[in-house]
Amino acid sequence: MNVVIIYAHPYDGSFCKGLLETIVPTLEARGANIKVKDLVKMNFDPVMRPEDLRAAKTKVYTEAVKAEQDDILWADAIITIAPVWFGMIPGFLKGYFDKVFITGFAYDQGLGLLSGKRVFSLFTFGANDPYIELVNQYRTLEYLWDNIFGMVGFDDIATKYFTRVPTSSDELRQQYLVEASAFVNQIFDRKLGEIGQLGHARLLTHLTAKGHLNEKFN
Ligand SMILES: Cc1cc2nc3c(=O)[nH]c(=O)nc-3n(C[C@H](O)[C@H](O)[C@H](O)COP(=O)(O)O)c2cc1C
């Protein structure tokens, strides 16, 4: 099993780092081949430059983007680890997907080109329920993940949320780490497509492929 972990946190003392350090040995114990992308440490440039956007037509990618795309193709599963900032993933993580999952590589004419893959995402929040629910932060993330991973044809989208992280007790954090291991173990214990959580984007790519939509969309 090939797993790419996309790690989007700048600070080594973060709880996200604890999640990373917990799930790597969990995956290793199951025999996974792992590549960790620490976006800040690898200095990944998240800004869409003219040459990056031009690649949507030319399919000529920068070296940095091409290296990421090769690893995405290599992966059976992608894991993301990120904090929630202003109800959203950090901008530099969005920039990664904008550039790496560009039109022509990840989807074309509304059709996802990355089928047979799955994403398992761990998100940390500072807030707690019911606030998070009431301000639609779960929903925002779910819509976004559907519009990215459903659009490019992934077969599973699995999300795990860790709330009130900065004010949590050591006991709760330990419990969260146990839950994080159990969450990523599903990569091995649940079959492709079994988790689902796919919304409109995935459905619409299927309908387009079957010719049920009149207008193609990009
Ligand atoms: C710029 C910024 C915006 C934030 N916005 C939110 C938010 O919208 N919702 C929330 O629950 N927490 C928010 N937080 C708190 C972080 O999500 C929280 O501190 C983090 O998830 C804790 O995990 P960490 O130790 O891995 O950073 C925000 C933090 C920052 C720095």
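The values are calculated or read from the model by the stated rules, or taken from the named source; none is laboratory data. Since the structure is predicted, the reported quantities are computational estimates derived from the model, not experimental observations. All Cβ positions, glycine included, derive from the backbone under ideal geometry; neighbour counts span all protein chains shown. Quick note on the areas: whole protein, heavy atoms, side chains included, nothing else; ligands and nucleic acids left out. Shrake-Rupley method; radii C 1.70, N 1.55, O 1.52, S 1.80 Å.
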**Message:** Just the residues that are open to solvent by 80 Å² or more (accessible area, probe 1.4 Å) and polar (S, T, N, Q), please, taken from segment 139-174.
**Reply:** N147, T167, Q174
**Prompt:** So which residues in segment 1-36 are part of a loop (DSSP other than H, G, I, E, B) and open to solvent by 60 Å² or more (accessible area, probe 1.4 Å), if there are any at all?
**Reply:** M1, P10, Y11, D12, R30
**Request:** Please work out if G91 is over 16 Å from Y161 (Cβ atoms) and small (G, A, S).
**Result:** yes
**Message:** Can you say whether K17 is without any contact (Cβ under 8 Å) to a residue 24 or more places away in the chain and within 16 Å of the ligand (Cβ to nearest atom), as far as the supplied structure shows?
**Reply:** yes
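Taking the condition out of contact with any Phe, Trp or Tyr (no Cβ under 7 Å at 6 or more places or on another chain) and either of a type in the set (K, R) or modelled with pLDDT of 95 or more (or both), does A209 pass?
No: the conditions fail for A209.
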**Request:** Kindly list, by first and then second residue, each pair from a residue in segment 29-56 that is more than 15 Å from Q69 (Cβ to Cβ) to a residue that is open to solvent by 50 Å² or more (accessible area, probe 1.4 Å) and in a loop (DSSP other than H, G, I, E, B), limited to pairs with Cβ atoms under 6 Å and residues at least 6 apart or on different chains.
**Result:** A32/M1; V40/P10
**Prompt:** Does at least one position in segment 71-91 carry a residue that is within 16 Å of the ligand (Cβ to nearest atom), aliphatic (A, V, I, L, M) and open to solvent by 10 Å² or more (accessible area, probe 1.4 Å)?
**Reply:** yes
**Members of segment 37-55 found to be open to solvent by 20 Å² or more (accessible area, probe 1.4 Å) and within 16 Å of the ligand (Cβ to nearest atom), listed by number** = D38, V40, K41, P46
**Message:** Quick check on my filter: what residues within segment 96-130 are within 16 Å of the ligand (Cβ to nearest atom) and more than 12 Å from the chain's Cα centre (by Cα)?
**Reply:** T124, F125, G126, A127, N128, D129, P130
